Amino acid sequence: TKITVYTGDFTGMKEELAVGQYNHIYLAQSGISFVGSIQVPAGMKVTIYSKDNYSGTALTLTEDATTRF
């Protein structure tokens, strides 16, 4: 099961991510310049951070969401 990040509102460029840790460099190299929305499968959660190195304000999602975080 994978989560999917999109550049738009569940549209545009997308990248499917398995369980793990991903940073903005990985996403940028995959064509994701920013995360506009995240599709979170049932039973999974995603934590995104406002700053590099998994620091700053954290936001944990347990369901699909649009975000400019």
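The values are calculated or read from the model by the stated rules, or taken from the named source; none is laboratory data. Please read all numbers here as calculations on a predicted model, not as lab measurements. Using ideal geometry, Cβ is built from the backbone for each residue, glycine included, and neighbour counts are taken over all protein chains shown.
Just to check your reading of the model, which residue among ILE48, ILE25, ILE32 is touching a residue at least 24 places away in the same chain (Cβ under 8 Å) and not acidic (Asp, Glu)?
ILE32
In the range 20-45, the residue that is nearest to the chain's Cα centre (by Cα) out of those that are among the aliphatic types (A, V, I, L, M) and at pLDDT 95 or above is ILE38.
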